[in-house]
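K.L.:
Following this message is one structure expressed as structure tokens.
The values are calculated or read from the model by the stated rules, or taken from the named source; none is laboratory data. From a predicted model like this one, the values you see are computed outputs, not experimental measurements. All Cβ positions, even for glycine, are placed from backbone atoms using ideal geometry, and neighbour counts span all protein chains on display. Keep in mind that these areas ignore ligands, DNA and RNA; they rest on the heavy atoms of the full protein, side chains included. Shrake-Rupley method; radii C 1.70, N 1.55, O 1.52, S 1.80 Å.
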Amino acid sequence: MAASLPADLPPRLASPAPRELSVAEGALDLLSIPAALVDCAHGALAFVATNHAFRAAGLGSGADRSMLVERLGERLLAFCRGGGGREEFAWAAGDRVDARHYRVTVARVHAGGTGRCLVSLIDQTCELRAEDSLRREMATDSLTGLPNRAGFGDRLDAMPQSSLARHAVMIVDLERFSRINACLGGMTGDELLISVARRLRGALRAGDVLARTGGDEFGILMAVEDAADPDHLAKRLRGALAHPFRLSDYEIRVSCAIGIALGAGCADDPDELIRNAQFAAKRGKTSGHTEAHRTDAFDAVREQFGIETALRRAIEQGQLRLTFQPICDLATGRIHAFESLARWTDEKGREHAPASFIAVAEESGLIVPLGRWALAEAARTLAGWDARSREDGGGGGDCGVRMAVNVSAIQFQRDSIAPAVEKALQDNGLAGDRLTLELTESALIADPDRIGRTLEHLRTLGTRLAMDDFGTGYSNLAYLQKLPIGTLKIDRSFVTGMLADPDKVAIVRAVLSLAQALGMSTVAEGVETIELGRTLAAMGCTYGQGYAYARPLEADEAYALVVARNGQFATAGLMAGL
């Protein structure tokens, strides 16, 4: 910019001559941005010349009437006294509401010493306002006008740690919203969200911040003056949503899960504070109560993720094994079948209880490869027993027992069970009736039509079906009538301690009567004494399973038990024939 000035312009001019002023202003008017030539040689600022854009911007035509000199005079004098040739900085001119934002450039006209400098300004007001508007738009939920997840996080980030430690974040997660949205349409769903936001805002105190942090999730930042404040607010929020919402021709009741996380626990990480509240709200969906964040809950989840990682590796590397618990004929004591049970010993030699890793497998989806492995391994083991039986006896028969395999409800829903069973039978040369699949009631209620087709396919293979843990779940008796289920397994919770509890006796007797009426066999789980087994046999129960007969055994031990126990009956039968 300095290069555009006339070369004959005097270096110092406290009161420029009219001709010089005219020439300088003519040169500055070539610039489209506000510019002024400033003299500071005598310790005071004076305008040598200003261009039209400078004067039109309201920056003044003389130093004594200029906002520029009033606000930036000391900085310009310091620049002139210094040795620098150029400086740039931002400047907001005017009050906060109507301020004009400039990028100011100060350049020395003649190098060295004090003298004159050229001040030019680029108006960035429109750009900054557009940027602020875009930032606000990006941080605002367009539907409700509330801060969105990013805006809510910005509010927390802007708070000092000492202040955030005295606040709490509350997450309100609406239930059934996806169903309402799918059934009544997106516009109705949007109307519901707007109405919910209005009611939640009405339940808040002055100073509390409401945000929409997800599709059907709202976040609240609240000051905590008393330990009971979050609980009181949660009650007000539930009360605000208790009245039905009028949507089109429907009255919809909306419930919610609420999670709370206190800032004192993680004031140095606002994002973690939000995650903690979301995690607590997730637990609230299960419990039905307002849940506060607990560190031990996170520890449990981390432990589950650790189990999931190790279990995935164990399945890939073949670290799991099956054990086998006998199912005995209560009338004779003969082993009728074995139930295969998964066992896992990890790389460090730690034994994991099935209840711990089966639940993780179902949640993570690992139950599908785990279930397929268990099915194939059980069939392979049974075929191996058959081969050993033929070698030992020199005949062409089998070992005389069946194999029962548990099928998880998640596996039944996600996997193609019938083709997997057919492959396991073909690979091991087994007849379909040698295999029994044990299903829980929860596996039968998710998609009855599809499950009915799958069970019919299994029936054509000859595979037997048993309903496990009967009486502890949904217990829809229509399934027993329509589906090809041949065996009911009475849950151990009814069998254990039955002799001392008349109510349990009544339940077991009712199940046995039902099974007899439907032509089904029965298996009582948890038979721990011979006396209990005899009582069940007298009541009409077909088979028993429990520690009274044997604990879960390794494959070789299970085969040896079959040879020892069932061989006795074979010998007794032979002697009787003689």
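K.L.:
Any residue at all in the range 488-500 that's surrounded by fewer than 16 Cβ atoms within 10 Å (Cβ to Cβ) and in a loop (DSSP other than H, G, I, E, B)?
P.N.:
Kept after step one, since they are surrounded by fewer than 16 Cβ atoms within 10 Å (Cβ to Cβ), are these residues of the range 488-500: 493, 497, 499-500.
Checking the rest, the ones that are also in a loop (DSSP other than H, G, I, E, B) come to 497.
Yes, the conditions are met somewhere in the range 488-500.
Rundown of residues vs (1) under 15 Å from residue 35 (Cβ atoms); (2) in contact with a strand residue (DSSP E or B) (Cβ under 8 Å, 6 or more places away or on another chain), yes/no style:
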site	(1), (2)
49	yes, yes
62	no, yes
70	no, no
80	no, yes
85	no, yes
94	no, yes
97	no, no
107	yes, yes
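K.L.:
May I ask you to list the residues in the range 364-422 that are at pLDDT 90 or above and touching a Cys at 6+ places or on another chain (Cβ under 8 Å)?
P.N.:
Within the range 364-422, 382, 385, 386, 388 qualify.
K.L.:
Name every residue in the range 57-74 that is in a helix (DSSP H, G or I) and free of Cβ contacts under 8 Å to residues at least 12 places away in the same chain, in order of residue number. Give the steps one after another, and end with the answer.
P.N.:
First pass over the range 57-74, keeping only residues in a helix (DSSP H, G or I): 63-65, 67-74.
64, 65, 70, 74 - these are the residues of the range 57-74 that are in a helix (DSSP H, G or I) and free of Cβ contacts under 8 Å to residues at least 12 places away in the same chain.
K.L.:
Quick check on this structure: which one of 211, 227 is open to solvent by 30 Å² or more (accessible area, probe 1.4 Å) and either outside any helix (DSSP H, G or I) or under 19 Å from residue 178 (Cα atoms) (or both)? Break it down into steps so the answer makes sense when it comes.
P.N.:
Numbers: 211 fails: open to solvent by 30 Å² or more (accessible area, probe 1.4 Å).
Every option except 227 fails the conditions.
K.L.:
Can you confirm whether residue 284 is open to solvent by less than 50 Å² (accessible area, probe 1.4 Å) and touching an Asp or Glu at 6+ places or on another chain (Cβ under 9 Å)?
P.N.:
Values: open to solvent by less than 50 Å² (accessible area, probe 1.4 Å): yes; touching an Asp or Glu at 6+ places or on another chain (Cβ under 9 Å): yes.
Taking the combined requirement at face value, the residue satisfies it.
K.L.:
Let me ask something else. Could you list all residues from the range 423-453 that are surrounded by fewer than 14 Cβ atoms within 10 Å (Cβ to Cβ) and either small (Gly, Ala, Ser) or modelled with pLDDT of 80 or more (or both)?
P.N.:
Correct list: 426, 427, 429, 431, 433, 446, 453.
K.L.:
For the range 360-415, name all the residues that are assigned to a helix (DSSP H, G or I), open to solvent by 60 Å² or more (accessible area, probe 1.4 Å) and without any contact (Cβ under 8 Å) to a residue 24 or more places away in the chain.
P.N.:
Passing the criteria: 390, 391, 393.
Quick grid of which residues meet (1) within 28 Å of residue 280 (Cα to Cα); (2) in contact (Cβ under 8 Å) with a residue 12 or more places away in the chain; (3) open to solvent by less than 30 Å² (accessible area, probe 1.4 Å):
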| site | (1), (2), (3) |
| --- | --- |
| 153 | yes, yes, yes |
| 161 | yes, yes, no |
| 178 | yes, yes, no |
| 184 | no, yes, no |
| 190 | yes, yes, no |
| 195 | yes, yes, yes |
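K.L.:
Next question, about the same structure. Considering the range 501-528 alone, what residues qualify as being of a type in the set (A, V, I, L, M), surrounded by fewer than 16 Cβ atoms within 10 Å (Cβ to Cβ) and under 43 Å from the mean Cα position of the chain (by Cα)? Steps first, answer last, please.
P.N.:
Of the range 501-528, the ones of a type in the set (A, V, I, L, M) are 505-508, 510-512, 514-515, 517-518, 520, 523-524, 527.
Adding the requirement that they be surrounded by fewer than 16 Cβ atoms within 10 Å (Cβ to Cβ) leaves 505-506, 510, 517-518.
Once the filter is applied, which keeps residues that are of a type in the set (A, V, I, L, M), surrounded by fewer than 16 Cβ atoms within 10 Å (Cβ to Cβ) and under 43 Å from the mean Cα position of the chain (by Cα), the range 501-528 yields only 510.
K.L.:
Can you tell me which of (1) under 30 Å from residue 564 (Cα atoms); (2) at pLDDT below 90; (3) touching a helix residue (DSSP H, G or I) at 6+ places or on another chain (Cβ under 6 Å) is the one residue 319 doesn't meet?
P.N.:
(3)
K.L.:
Another question about this same structure. Among the candidates 134, 143, single out the residue that is out of contact with any Lys or Arg (no Cβ under 6 Å at 6 or more places or on another chain), in contact (Cβ under 8 Å) with a residue 60 or more places away in the chain, closer than 30 Å to residue 214 by Cβ and outside any strand (DSSP E or B).
P.N.:
Numbers: 134 fails: in contact (Cβ under 8 Å) with a residue 60 or more places away in the chain.
Step by step, each of 134, 143 is checked, and only 143 is out of contact with any Lys or Arg (no Cβ under 6 Å at 6 or more places or on another chain), in contact (Cβ under 8 Å) with a residue 60 or more places away in the chain, closer than 30 Å to residue 214 by Cβ and outside any strand (DSSP E or B).
K.L.:
Test residue 511 against the stated conditions and say whether it is touching a helix residue (DSSP H, G or I) at 6+ places or on another chain (Cβ under 9 Å), hydrophobic (A, V, I, L, M, F, W, C) and assigned to a loop (DSSP other than H, G, I, E, B).
P.N.:
On the way: touching a helix residue (DSSP H, G or I) at 6+ places or on another chain (Cβ under 9 Å): yes; hydrophobic (A, V, I, L, M, F, W, C): yes; assigned to a loop (DSSP other than H, G, I, E, B): no.
Spelling it out, it is not the case that residue 511 is touching a helix residue (DSSP H, G or I) at 6+ places or on another chain (Cβ under 9 Å), hydrophobic (A, V, I, L, M, F, W, C) and assigned to a loop (DSSP other than H, G, I, E, B).
K.L.:
Would you say residue 43 is open to solvent by less than 20 Å² (accessible area, probe 1.4 Å) and over 14 Å from residue 118 (Cβ atoms)?
P.N.:
Numbers: open to solvent by less than 20 Å² (accessible area, probe 1.4 Å): no; over 14 Å from residue 118 (Cβ atoms): yes.
Considered against the rule, which asks whether it is open to solvent by less than 20 Å² (accessible area, probe 1.4 Å) and over 14 Å from residue 118 (Cβ atoms), residue 43 comes out as no.
K.L.:
Still on this structure, please answer the following. Any chance you could count how many residues in the range 318-359 are under 28 Å from the mean Cα position of the chain (by Cα) and not in a strand (DSSP E or B)?
P.N.:
Looking only at that region, the number is 8.
K.L.:
Of the conditions (1) out of contact with any Gly (no Cβ under 9 Å at 6 or more places or on another chain); (2) open to solvent by less than 10 Å² (accessible area, probe 1.4 Å), residue 170 clears all except one; give me its number.
P.N.:
(1)
K.L.:
A follow-up question, please. Where the second residue is polar (S, T, N, Q) and outside any helix (DSSP H, G or I) and the first is within 30 Å of residue 450 (Cβ to Cβ) and lies in the range 480-509, which pairs have Cβ atoms under 6 Å and are six or more apart or on separate chains?
P.N.:
Pairs found: 487/521; 488/522; 491/472.
K.L.:
Among what's in the range 309-352 and is open to solvent by less than 50 Å² (accessible area, probe 1.4 Å) and among the β-branched types (Val, Ile, Thr), pick the residue that is nearest to residue 365 (Cα to Cα).
P.N.:
315
K.L.:
Answer yes or no as to whether residue 133 is among the hydroxyl-bearing types (Ser, Thr, Tyr), touching a strand residue (DSSP E or B) at 6+ places or on another chain (Cβ under 7 Å) and either at pLDDT below 85 or surrounded by 15 or more Cβ atoms within 10 Å (Cβ to Cβ) (or both). Please lay out each step first, then the result.
P.N.:
Working: among the hydroxyl-bearing types (Ser, Thr, Tyr): yes; touching a strand residue (DSSP E or B) at 6+ places or on another chain (Cβ under 7 Å): no; either at pLDDT below 85 or surrounded by 15 or more Cβ atoms within 10 Å (Cβ to Cβ) (or both): yes.
Here the answer is no, as residue 133 does not meet what is asked.
K.L.:
Filter the range 529-550 down to the residues that are open to solvent by 20 Å² or more (accessible area, probe 1.4 Å) and in contact with a strand residue (DSSP E or B) (Cβ under 7 Å, 6 or more places away or on another chain), then identify the one that is nearest to residue 566 (Cα to Cα). Give the steps one after another, and end with the answer.
P.N.:
Kept after step one, since they are open to solvent by 20 Å² or more (accessible area, probe 1.4 Å), are these residues of the range 529-550: 529-531, 534-535, 537-540, 542-543, 547-549.
From what's left, in contact with a strand residue (DSSP E or B) (Cβ under 7 Å, 6 or more places away or on another chain): 542-543, 549.
Numbers: 542: 17, 543: 15, 549: 13 Å.
Only one residue tops the list, namely 549.
K.L.:
Across the range 109-123, which residue is most open to solvent (accessible area, probe 1.4 Å) among those that are closer than 19 Å to residue 88 by Cβ and modelled with pLDDT under 90?
P.N.:
The first filter runs over the range 109-123 and keeps only residues closer than 19 Å to residue 88 by Cβ, leaving 109, 111, 116-123.
From what's left, modelled with pLDDT under 90: 109, 111, 116-117.
Values: 109: 36, 111: 101, 116: 6, 117: 0 Å².
Checked the range 109-123; the qualifying residue most open to solvent (accessible area, probe 1.4 Å) is 111.
K.L.:
Can I ask one more? Just name the residue that is modelled with the highest pLDDT out of those in the range 454-470 that are part of a helix (DSSP H, G or I) and of a type in the set (A, V, I, L, M, F, W, C).
P.N.:
Of everything passing the filter in the range 454-470, 458 is modelled with the highest pLDDT.
K.L.:
Looking at 60, 83, which one is modelled with pLDDT under 90, within 26 Å of residue 126 (Cα to Cα) and either surrounded by fewer than 19 Cβ atoms within 10 Å (Cβ to Cβ) or touching a His at 6+ places or on another chain (Cβ under 9 Å) (or both)? Explain how you work it out, then say what you get.
P.N.:
Details: 83 fails: within 26 Å of residue 126 (Cα to Cα).
Every option except 60 fails the conditions.
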